[in-house]
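Okay, structure first, notes after.
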Amino acid sequence: MRYLAFVFFVFLGCGYKPVSTYTKQEINQKVYVQLKINKQDVVNSMIIKDNINNLIISRFGASIVNDKTKADTIMNIELPSIKFSQIQYSEQGFTSVYRINIEVKIIYNKNDKQRVVKVIDFYDFVVQGDSIVSDTKRQTVVKNAVSRALEEVEAKIAIESFRQ
């Protein structure tokens, strides 16, 4: 019990605030999300928009609006690149493990200054059999990679809140 009280005292004493406190200051209550669709990757662009919407609602405590004029914050989202690379081969010479490298770019305005948050992440996945990545597998992998990348978004937006 003393240990718990000590830890509680240290966090309160040093002014600790969760990251969500800073992101909520940076991203206001009503958010309009605008997606720049990658014409070569339409489905994955939509996956990113869905994930961003979930992040805004669940982590930032904000709401999504469909009218720019009613929004406190306008977020522009881009998916500049998705690249697959082989990182491991089977004994037969087929690719058995791939890596997807994904880049997500979010641009928003705060205090009349444009802020840019760029996240680059990767996700490794195994392919069974003949090393062919089906469309369904590709969509699942991109969704997982985007989820991983967006875990960094909250922290990067919190860091942006310290910049004037």
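The values are calculated or read from the model by the stated rules, or taken from the named source; none is laboratory data. Since the model is a prediction, treat every value here as computed from it, not as a measurement. Cβ: placed from backbone, ideal geometry, glycine included. Neighbour counts: every protein chain shown.
Only residues that are under 13 Å from residue 84 (Cβ atoms), touching a residue at least 12 places away in the same chain (Cβ under 8 Å) and out of contact with any Lys or Arg (no Cβ under 9 Å at 6 or more places or on another chain) were counted across region 116-134, and they come to 2. If the condition is being within 17 Å of the chain's Cα centre (by Cα) and under 28 Å from residue 71 (Cβ atoms), then region 108-144 contributes 108, 115, 116, 117, 118, 119, 120, 121, 142, 143. Against the numbered list (1) charged (D, E, K, R); (2) surrounded by fewer than 16 Cβ atoms within 10 Å (Cβ to Cβ); (3) at pLDDT 75 or above, residue 17 comes up short only at (3). Residues in region 37-58 that are in a loop (DSSP other than H, G, I, E, B) and polar (S, T, N, Q): 38, 40. Taking the criterion of being charged (D, E, K, R) and farther than 12 Å from residue 150 by Cβ, the residues of region 106-122 that qualify are 110, 112, 113, 115, 118.
For region 52-73, indicate whether the set of residues that are in contact (Cβ under 8 Å) with a residue 40 or more places away in the chain, within 14 Å of the chain's Cα centre (by Cα), surrounded by fewer than 18 Cβ atoms within 10 Å (Cβ to Cβ) and closer than 27 Å to residue 139 by Cβ is non-empty. Taking every residue of region 52-73 in turn, none turns out to be in contact (Cβ under 8 Å) with a residue 40 or more places away in the chain, within 14 Å of the chain's Cα centre (by Cα), surrounded by fewer than 18 Cβ atoms within 10 Å (Cβ to Cβ) and closer than 27 Å to residue 139 by Cβ.
One residue stands out in region 148-162 among those that are surrounded by fewer than 16 Cβ atoms within 10 Å (Cβ to Cβ) and within 8 Å of the chain's Cα centre (by Cα): the one that is farthest from residue 59 (Cα to Cα), namely 148. Can you name the residue in region 131-164 that is among the aliphatic types (A, V, I, L, M) and touching a helix residue (DSSP H, G or I) at 6+ places or on another chain (Cβ under 7 Å) and, of all such residues, is farthest from residue 113 (Cα to Cα)? That would be 142. Screening region 59-164 for strands (runs of 3 or more DSSP E) wholly inside it with 1 or more residues that are over 28 Å from residue 26 (Cα atoms), among the β-branched types (Val, Ile, Thr) and at pLDDT 90 or above returns the ranges 73-89, 95-110. When the residues of region 35-51 are filtered to those that are within 25 Å of residue 155 (Cβ to Cβ) and among the basic types (Lys, Arg), the one that is surrounded by the most Cβ atoms within 10 Å (Cβ to Cβ) is 49.
As for region 74-87, it holds at least one residue that is among the acidic types (Asp, Glu), closer than 20 Å to residue 146 by Cβ and surrounded by 18 or more Cβ atoms within 10 Å (Cβ to Cβ).
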